[in-house]
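Here the structure comes first, spelled out in structure tokens, and everything after it is commentary.
The values are calculated or read from the model by the stated rules, or taken from the named source; none is laboratory data. This is a predicted model, so every value here is computed, not measured. Every residue, glycine as well, gets a Cβ built from its backbone with ideal geometry; the counts of neighbours run over all protein chains shown.
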Amino acid sequence: MSDFGDPQHGPPPAYGPPPPWAPQEESWPYGPGRPGLATAAGVLGHVTAGLTIVFCLVILLLMFEGAGDSTTAVLLLGLPCSIGLITGANQLLRRESERNLFASALLSVGVLLLSFLLGVASLELQDLVAQIVFLVLAAPLPVLTAVFARNRTVGDWVSAARPHDRPGMRPSG
């Protein structure tokens, strides 16, 4: 009878290096894979954009019914932000740039703050409380997206893929 500690139950032997036609991930100082924060930033960018688009559609319906005000109209500025979030998330996940995702997430937070400031100036207390609840629920996604996209590890990972950032390489053009 054999025991799990026996050498015969160890991991299977390696079959050598991958063939030359296998896709090779570009290495960076911390290993060959994408950092988890880069994946999280990209996914949060897509989720934030999707929820923003859904809420913009709801706001548009409210505006057409005459139920909207200036604070809800300002939230429609989230639609261009969502386009930037999708574009930036795709660029980050392709290891091209983290800057567009970061900027779009910051603009999304700015839209929420602008809506809040308009609400403070124009809404009655009950409506202002409802808006604050909405903003408290809406703000964490773009804030986390911006923080993750701006993380040093994410920036280093993206920079390691840029040819013009590598020693001895010059940009083409």
Going through the range 87-130 one residue at a time, which ones are touching a Gly at 6+ places or on another chain (Cβ under 6 Å), without any contact (Cβ under 8 Å) to a residue 24 or more places away in the chain and not hydrophobic (A, V, I, L, M, F, W, C)? Asn100
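Got at least one residue in the range 113-129 being polar (S, T, N, Q), within 22 Å of His46 (Cβ to Cβ) and either surrounded by fewer than 18 Cβ atoms within 10 Å (Cβ to Cβ) or out of contact with any Lys or Arg (no Cβ under 8 Å at 6 or more places or on another chain) (or both)? Talk me through it step by step, then tell me what you get.
Step one: of the range 113-129, the residues polar (S, T, N, Q) are 115, 122, 126.
Now narrow it down to the ones that are within 22 Å of His46 (Cβ to Cβ): none.
Scanning the range 113-129, I find no residue that is polar (S, T, N, Q), within 22 Å of His46 (Cβ to Cβ) and either surrounded by fewer than 18 Cβ atoms within 10 Å (Cβ to Cβ) or out of contact with any Lys or Arg (no Cβ under 8 Å at 6 or more places or on another chain) (or both), so the answer is no.
Does any residue of the range 95-104 turn out to be exposed (fewer than 14 other Cβ atoms within 10 Å of the Cβ) and either modelled with pLDDT under 95 or under 14 Å from Pro142 (Cβ atoms) (or both)?
Scanning the range 95-104, I find no residue that is exposed (fewer than 14 other Cβ atoms within 10 Å of the Cβ) and either modelled with pLDDT under 95 or under 14 Å from Pro142 (Cβ atoms) (or both), so the answer is no.
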Please find, among Thr153, Thr145, the residue that is hydroxyl-bearing (Ser, Thr, Tyr), within 28 Å of Gly50 (Cα to Cα), modelled with pLDDT of 90 or more and under 12 Å from the mean Cα position of the chain (by Cα). Thr145
I'd like to know if the range 22-33 contains one or more residues that are crowded, with 16+ Cβ neighbours inside 10 Å and modelled with pLDDT under 95. yes
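Scan the range 59-82 for residues that are at pLDDT 90 or above and over 19 Å from Leu114 (Cα atoms) and jot them down. Spell out the reasoning first.
Within the range 59-82, the subset at pLDDT 90 or above is 59-61, 74-82.
Leu61, the sole residue that qualifies.
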How many residues does the range 130-146 hold that are crowded, with 17+ Cβ neighbours inside 10 Å and among the β-branched types (Val, Ile, Thr)? 2
What do you reckon, is Gly84 under 21 Å from the mean Cα position of the chain (by Cα) and either touching a residue at least 12 places away in the same chain (Cβ under 8 Å) or surrounded by 15 or more Cβ atoms within 10 Å (Cβ to Cβ) (or both)? yes
